[in-house]
Ligand SMILES: [Zn+2]
């Protein structure tokens, strides 16, 4: 080791010639952590902007000065040669390459990284616990940014977050999570059923006055009378309101139809309200045929 001739051997380091660039962590999995990626971005953009290159060194280790295998390193720019060197934090300190601000940065970086590592380990454990409880779906939902059922989704996110931090979960919470997952996954079905239930037929318009109705034909029935043909058409609008028209309209079951008719009666059949139109009638349009 004593026969080194490279320009970064400890004996020839001149601290004034070095600018601190960033910190880094040399463990293989460190690219998975945000705080490392942030620092590497600083190095990358410096290389991009200045054309600086890492000095080639052939004495092994991660510290370009002493050759030790330091996990946490700092990167400095050697201004006279426009070369980047990587050193362990000990060497950086011993050779007076860094100041208090940088030492603080080392500390916060180390804390952040260990928090991120812990969080990652907690996530792996949490996911395994949930999967073994048949709650893989709870994990998926917790990773999802948002959900239409935001109330139940928020609670799932909160429970999973606590599980990641604490590393365990009670039987009761497991049971609760199953309910929340169902509530999220069946949300649209339940919503649709509620909407459907709201569609209770109401009376329309005022008896004796004209009212415009638009809806879908449910059925028609025709019969012969002593004056010719009579019949009724039953329709329902989007809110579930039923209309009974005493005539055969120019439509078939499922057609959209609009008309203005005189309300003859606010009736009720089998407990369901229906508005009966008879007599005066105008502006019939079969919207399905018009389209
Ligand atoms: Zn070193």
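FYI, it's all coordinate maths here, none of it is from the lab. Note that the structure is a prediction, hence the values are computed from the model and not measured. Note: ideal-geometry Cβ built from the backbone for every residue, glycine included; neighbour counts use all protein chains shown.
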Both in Å, the radius of gyration and Dmax of the C-alpha trace of the range 112-158 are 12.1, 35
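Calculate the translational D of the range 73-212 in whole µm² s⁻¹ from Stokes-Einstein, where the hydrodynamic radius comes from the Kirkwood formula applied to all Cα pairs, the temperature is 10 °C and the viscosity 1.306 mPa s. Spell out each step's value before the answer.
Details: Rh = 20.4 Å.
Roughly 78 µm²/s, to the nearest whole number.
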Summing -39500 (n - 2.57) over the DSSP H runs of n ≥ 4 in the chain and dividing by its residue number, what mean residue ellipticity at 222 nm do you reach, to the nearest 500 deg cm²/dmol? -12500 deg cm²/dmol
Most fluctuating residue given options 245, 23, 36, as computed from a GNM of the chain linking Cα atoms under 10 Å: 245
Dimensions of the range 17-112 along principal axes (Cα, Å, largest first)? 33, 29, 28
With a 10 Å cut-off between alpha carbons and a GNM built on the chain, which of 164, 129, 13 moves the most? 13
Here, residue 282 and residue 227, labelled 7 Å along Cα→Cβ, have an inter-label distance in nm of 2.1
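Calculate, in whole percent, how much of the Cα-Cα pair population of the range 151-291 lies beyond 25 Å.
Values: 4787 of 9870 pairs.
Value for the range 151-291: 49 percent of Cα pairs lie more than 25 Å apart.
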Measure nothing fancy, just the Cα-based angle from helix 171-185's long axis to the longest principal axis of the chain, in degrees from 0 to 90, nearest 10. 60
Quote the relative contact order of the range 161-291 in percent (integer), defining contacts as alpha-carbon pairs under 8 Å separated by 6+ residues. 22
Could you tell me how far the Cα centroid of the range 246-291 sits from the Cα centroid of the range 18-34, in Å? 75
How big is D, in µm² s⁻¹, for the range 133-190 by Stokes-Einstein at 37 °C and 0.692 mPa s if Rh is the Kirkwood radius over C-alpha pairs? 288
Rg (Å, one decimal) plus Dmax (Å, integer) for the alpha carbons of the chain? 38.2, 124
Under a GNM of the chain (C-alpha, springs under 10 Å), which listed residue has the highest mean-square fluctuation: 50, 233, 225? 225
For a bin width of 5 Å, list the pair-distance distribution of the range 210-290 built from all Cα-Cα distances, rounded to whole %. 3, 16, 27, 28, 18, 7, 2, 0
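Report, to one decimal in Å, the Kirkwood hydrodynamic radius for the range 143-229 based on all distinct Cα pairs. Walk me through the numbers before you get to the answer.
Numbers: mean 1/r = 0.0546 Å⁻¹.
Averaging 1/r across every pair of different Cα atoms and inverting gives 18.3 Å.
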